Amino acid sequence: MKKAIFLLVVPFFFTTCNNMTKLNYPGENEIVLEWEFKGNNVSSDYFSSVFTLENKSDFTLSNSGWALYFNQLDLRVISESVSGDVVIEHLNGNHYRLSPRDDFKLEPGNKVMIRFDERGRLFKEVQAPLGPYFVYSDSLGNELAVVPVKQYSIKPFPSLDKTFPAETSIPLPTAGWVYEQNLHQTLLDPGAIGRIIPSPANADFFGNKVTLGEGLMIHFQEGLEREAEYLAEMMKQVRGVAPEVMNSNTGGPNIVLLNTGGDDLEPGKETYQLVADPEKGVIITGGAAAGVFYGIQSLLALVPVDAWRIPEVDLKIKSLTLIDSPAFDYRGMHLDIARNCIKPASIKKLIQAMAFYKLNKLHLHLTDDEGWRLEIPSLPELTEIGGYRGHTLDSKDHLFPAYGSGPVTDPENGFGSGYLSRSAFIDILRFADDHHIEVIPEINMPGHSRAAVYAMEARYNRLMEEGKREEAEKFRLIDPDDTSRYNSAQNFNDNVVCVCKEAPYLFFETVVDDMIDMYREAGLPLEVIHAGGDEVPYGSWEGSPVCTEFLREHPEIGGPANLQTYFESRLFDILKEKNLVMAGWEEIAMKKTEEGGWIPNPEFAGKQMLPYVWNSRVENLDLGYRLANGGFPVVLCNAKNFYFDLAYNHHPSEPGHYWSGYSNTRSAFDFIPYDVFNCTLTDTWGNPYDPEVEFAGMERLKPEAYGNIIGLQGELWSETIKGGEMLEYYYFPKMIGLAERAWSGQAPWGSIKDIEERIEAMNVAWNEFTNVVGQREMPRLDYLFGGFNYRLPPPGAIIMNGQLYANIDFPGLTIRYTTDGSEPNMDSPVYNGPVQVSGKVTFRSFDTRGRGSRVSVVE
């Protein structure tokens, strides 16, 4: 009820703020705000930008009574550089405040320019300030109104050479640069390319065809009802009519028979055999129901692509015999719904996409500093407080805005607020299980815990007011007297729980017990809990009196730096008691050395602990292998290859992070699971590595440890993701590259010793793969499950001797161009080969629906 009242109060401010005489502050449309990036100064390692405020109200903004709040990624203002008689201060996380100095004055009709420099470099439009709003207050500092800035604009970035000055040695992401990147891609004959992604282990195609026509029936063995219903629904999409479904073990022409068992199959629940024969019909045999389900996906991949757009009652597929099984048991996608909330419908659509490409684990990141997204009935404050973001200075009722979520807590007004109710989560669990996907929930501790900390502080305050001190302390996660000073990777200074108290362990166990209940109600076992454990900031617990006393009583721990290892061991024991596997980011399986480095912790080797290795950048490239060699099962999530929230490339308009470089479909496709050194060939900007230098002394994966690499996972962090369509842009087509590698395993070219020969083989394989994606997968994705907003790559192009040469990441996509300066559309000429041009040429790629890519220009 308290949350509902808050949602009524804030709009009241907004609707009454136009009454200037009475309320004496500007309305939401009366202060115009503009931000402009001015370029990078490489030699001095800073970049410059400018806010422009224009006052269109009748009220003078003076040196008090107002402040402008906003979010910005990676902002590190050089305070002495700020002009315009204002102060810009970091509050916490990516939340900032701009407030006036004594000499500030902005009268009606006037503008003020506020220029400031920031440390480092800025390359991306997504790093612009977001979600600005004003807070107006009276002479005593009491807040009168919170007013969003509706008239806010981000000016177009300057020329590429100002974003990437020559001193950076970074190639400009022009159309010519893209053209060079795509030189290995050529259009292949449709008959010469693969038909199924991920590639099956063994497939023999024959010359004749099998018709799935009028009167088509699906027969299924007892226990395969769900798989039969799924196939019937999918066949309805491509045929226009649903086939009849019958419990029967009889096959034959125009029948798809689903069964399990079979002498030709190796043991394993995900193996399957697919036979398509004019006389026998289609027979899908699985090692278990999951194998049957994956056989169905391969059958659907064989359906003519045009049938997804215009259904055909009589479908013809090639006759074949196919025996297939996955290389890795764990084939996963990670989805962060904490930083920005992702709605259940978008989660379900991701599940459908994953299942189509034979991925089987959905790692749901449910909690972080910026949000707690799962209802825990035992601790309602977790979502009542931690599930909402809006304007606040104390986080007592909700969290402060992040990533441009704005001042209002209404979930329908942005992506900062919202959560999965218990029933919604159970529904997702069942939906995932119907698609043979296991949902692995993550509760991130001891860092990344700000949402939980403030939710439990609200609980503490409520119970203290009721005089229930003992109950209040039960789940209080902090030491209130802790004076530790730290700054987390996302710039938080209050996001770590006090691991020296018992409250965090009781809290964790309570949350886990509620989650076990949810899985039980869904009819599913909870087998794995991901406990996070990453990025605990240096300096945590050093100023905590509780921890000082605890370490005095437990000298064997050795100091604050080792408290995280102690914490992970306690969580491990809690989960072991419940017969659950403890998963987490790699830090959970590591311990600090006396020199301050991290090594695999032998205490956990060979036990129910599963590290996910992400931070394996060049200087740490062997981290996953060190853990695998040390006896740990490992899921490889290498940031450079599988962090799908990294931008596809470095063009300023391409959304996404770039802290670990850039990630595209090829980054995942090229991955060599058992020898990552063989696929780490260049740095971010294409400069070749010298393996003898860069990788000297690094640990190679021992042959006996190959089995400890249990799988691969793609990561989707949501800081820069706003909504379901944007989410789809981030994961498609990258996820197709992951699916290929996770199902098919290490490609034959992965073990070629000669580097030139290996690169040549990789290029040949990549060219065929891109043709399959461009000619088959993308046209299907235009209509599959309602269609996806996958990324359409801008074409590359050069003009040489007056002729235009263009190419594309995925041959098969249509390229259209104009020569009159207009933006290409579906009526523009199609590029089919070199063409004579003059002046400026503008071009885009298009899908079968008429959706176009970002515009590219070449002169």
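Figures for the structure shown
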{"item": "For segment 607-669, size of Cβ-based charge dipole, Lys and Arg +1, Asp and Glu -1, in debye", "result": "200"}
{"item": "Unsatisfied cross-links (Cα-Cα over 26 Å) in the set 361/722; 316/734; 124/349; 576/702; 111/150; 501/576", "result": "316/734; 124/349; 576/702"}
{"item": "Vicinal HN-Hα couplings computed from phi for segment 218-223 (Karplus, 6.51 cos²θ - 1.76 cosθ + 1.60; Hz; Gly/Pro x)", "result": "10, 9, 9, 6, 3, x"}
{"item": "Cβ-based charge dipole, segment 355-482, positive-most Cα from 447, 425, 402", "result": "425"}
{"item": "List 113, 234, ordered by accessible area with a 1.4 Å probe, largest first", "result": "113, 234"}
{"item": "Three-way shape label, segment 798-843, alpha-carbon gyration tensor, a/c 1.5", "result": "oblate"}
{"item": "Solvent-accessible surface ranking, highest first, for 831, 538 at 1.4 angstrom", "result": "538, 831"}
{"item": "Amide H contacts of residue 313 (H built 1.01 Å from N, under 5 Å, at least 5 apart or other chain)", "result": "none"}
{"item": "The chain, accessible area per residue, ligands and nucleic acids excluded (1.4 Å, Å²)", "result": "39"}
{"item": "Where 325, 405 fall by accessible area, highest first, once all protein chains stay in place (1.4 Å)", "result": "325, 405"}
{"item": "Ellipticity estimate at 222 nm from DSSP helix runs (n ≥ 4, -39,500 (n - 2.57)) divided over the chain, nearest 500", "result": "-7500 deg cm²/dmol"}
{"item": "Amide H partners (placed H, <5 Å) of residue 616, local residues excluded", "result": "639"}
{"item": "Loop trypsin sites (Lys or Arg not before Pro), segment 738-843 (other Cβ atoms within 10 Å of the site Cβ: 15 or fewer; DSSP)", "result": "753, 840"}
{"item": "Residue among 630, 665, 265 farthest towards the positive dipole end of the chain, charges placed on Cβ", "result": "665"}
{"item": "Alpha-carbon centroids, segment 316-373 and segment 538-578: separation in whole Å", "result": "35"}
{"item": "Highest to lowest packing among 722-731, 759-768, scored as the average C-beta count within 10 Å", "result": "722-731, 759-768"}
{"item": "Anchor residue 162: aspartates and glutamates whose Cα lies under 14 Å away (excluding residues fewer than 8 positions away in-chain)", "result": "36, 45, 125"}
{"item": "Residues of type lysines that residue 591 reaches as a straight line, Cα spacing below 18 Å, ignoring anything fewer than 8 places off in the same chain", "result": "607"}
{"item": "Assigned charges on the beta-carbon of Lys, Arg, Asp, Glu; segment 702-816 dipole about Cα centre (debye)", "result": "180"}
{"item": "Positive-end extreme of charge dipole, segment 768-859 - chosen from 807, 855, 838 (charges on Cβ)", "result": "855"}
{"item": "Surface share of carbon and sulfur [accessible, 1.4 angstrom probe, percent] for the chain", "result": "48"}
{"item": "Cut-off under 5 Å, modelled amide H: who pairs with residue 583 long-range", "result": "529, 530, 531, 610"}
{"item": "Segment 473-566 shape via C-alpha gyration tensor axes, a/c threshold 1.5", "result": "prolate"}
{"item": "Across 236/343; 343/640; 56/105, pairs whose alpha-carbon gap is larger than 23 Å", "result": "236/343; 343/640"}
{"item": "Relative contact order of the chain, defined on C-alpha pairs under 8 angstrom at six or more residues apart (%)", "result": "11"}
{"item": "Rounded tilt (10° steps) of 2-16 against the dominant C-alpha axis of the chain", "result": "70"}
{"item": "Charge sum, other residues only, whose C-beta stays under 15 Å from residue 170's C-beta, Lys/Arg counted +1 and Asp/Glu -1", "result": "-3"}
{"item": "Degrees separating the helix 225-239 axis from the principal Cα axis of the chain, which is the longest one", "result": "80"}
{"item": "Loop sites in segment 595-699: GluC sites (Glu not before Pro), DSSP, at most 10 other Cβ within 10 Å", "result": "595"}
{"item": "Computed magnitude of the charge dipole of the chain (debye, nearest 20; Cβ of K, R +1, Cβ of D, E -1)", "result": "1620"}
{"item": "Positive minus negative residues near residue 214 (Lys, Arg vs Asp, Glu; Cβ under 12 Å)", "result": "-2"}
{"item": "Accessible surface of residue 554 - all protein chains present, 1.4 Å probe, nearest 10 Å²", "result": "60"}
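The values are calculated or read from the model by the stated rules, or taken from the named source; none is laboratory data. Treat the numbers as computed from the prediction; the structure is a model and nothing was measured. For neighbour counting, all protein chains shown are included, and Cβ atoms are generated from backbone atoms with ideal geometry for every residue, glycine included. Side chains included, ligands, DNA and RNA excluded: accessible areas come from the protein's heavy atoms. Shrake-Rupley method; radii C 1.70, N 1.55, O 1.52, S 1.80 Å.
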